[in-house]
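Notes follow once the structure below has been shown.
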Amino acid sequence: MAPNPDQVTTYLIISSGVFGASTALHVIKSSSSKVTLLDRDHFSSPRRVAASWDWNKVIRCDYPSSRLSTRLALEAQQLWRHEPLFAPYYHECGSFWASNSNFKHVVEENLKKEEDGRSLETGAKVYSVEEAKKLYGGVFEHGDYSGVEGVLVNTNSGYAGEGSCQVGG
Ligand SMILES: Cc1cc2nc3c(=O)[nH]c(=O)nc-3n(C[C@H](O)[C@H](O)[C@H](O)COP(=O)(O)OP(=O)(O)OC[C@H]3O[C@@H](n4cnc5c(N)ncnc54)[C@H](O)[C@@H]3O)c2cc1C
């Protein structure tokens, strides 16, 4: 039976970047409502200002600044893996951060804290440069590691985009 039009809530969401679009999706899925998304750019506009408009995006949980970001990213990553809408575009190829700062250790620590108390493996590990050069079939062996004192590898990271990638550990 069609919902009574008097009971349908209407929403106007201004901006259809990733936050606006995902808010619209959430509202549509959780209630019988009518959503209008408004953006100053047309989808086919040659000039788009949305930071979320791109050919691909890194999907990662490696955030040094806030545990909230880490937690939200871990939740989002589950959706990338399992939601039929997103999963075809998600490619879990891992990430490789050659880092000359404390970033790698802070990220590893943040992720380990999230692992505690949950049956969760975040895939993050800090390697020495020599160890890291041997990973992924040695593809990063000849990189410029000047000033780098460690590499954060997260086998659970990936990217969203069309196409696929093939990696070996
Ligand atoms: C270069 C770059 C690379 C990035 N890479 C990654 C990555 O690999 N992985 C990742 O997770 N994150 C990445 N980010 C961060 C990510 O893109 C942003 O966090 C995210 O796009 C923010 O989403 P948003 O919806 O808030 O804003 P946006 O995506 O910027 O969307 C804002 C929308 O609002 C519209 N708008 C603005 N003003 C008005 C108005 N007055 N009226 C109507 N509409 C309006 C714009 O047209 C736009 O469509 C990257 C960001 C940048 C800049």
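Close Lys pairs in the chain, defined as Cα atoms under 30 Å apart and 8 or more places apart or on different chains, number 21.
Solvent-accessible area of the chain (1.4 angstrom probe, protein heavy atoms only): carbon and sulfur portion equals 56 percent. The amide H of ILE59, built 1.01 Å from its N in the peptide plane, has GLY158, TYR159, ALA160 as neighbours under 5 Å, considering only residues 5 or more places off or on other chains. A convex hull fitted around the alpha carbon atoms of the chain yields 181 Å³ per residue. Relative to the Cα centre, the charge distribution of the chain, modelled as +1 at Lys and Arg Cβ and -1 at Asp and Glu Cβ, gives a dipole magnitude of about 400 debye.
Evaluate the relative contact order of the range 1-42 (contact order divided by residue number), counting alpha-carbon pairs under 8 angstrom at least 6 apart; express in whole percent. Write out the running numbers ahead of the final one.
Values: 45 pairs, mean separation 20.1, N = 42.
It rounds to 48 percent for the range 1-42.
Backbone amide hydrogens, once placed in the peptide plane, bring TYR11 within less than 5 Å of LYS34, VAL35, THR36, excluding anything fewer than 5 places away on its chain.
The values are calculated or read from the model by the stated rules, or taken from the named source; none is laboratory data. As the structure is a prediction and not an experimental result, all values here were calculated from the model. Using ideal geometry, Cβ is built from the backbone for each residue, glycine included, and neighbour counts are taken over all protein chains shown. The protein model used for the area step is the full one, side chains on, heavy atoms only, and it has no ligands, DNA or RNA in it. Shrake-Rupley method; radii C 1.70, N 1.55, O 1.52, S 1.80 Å.
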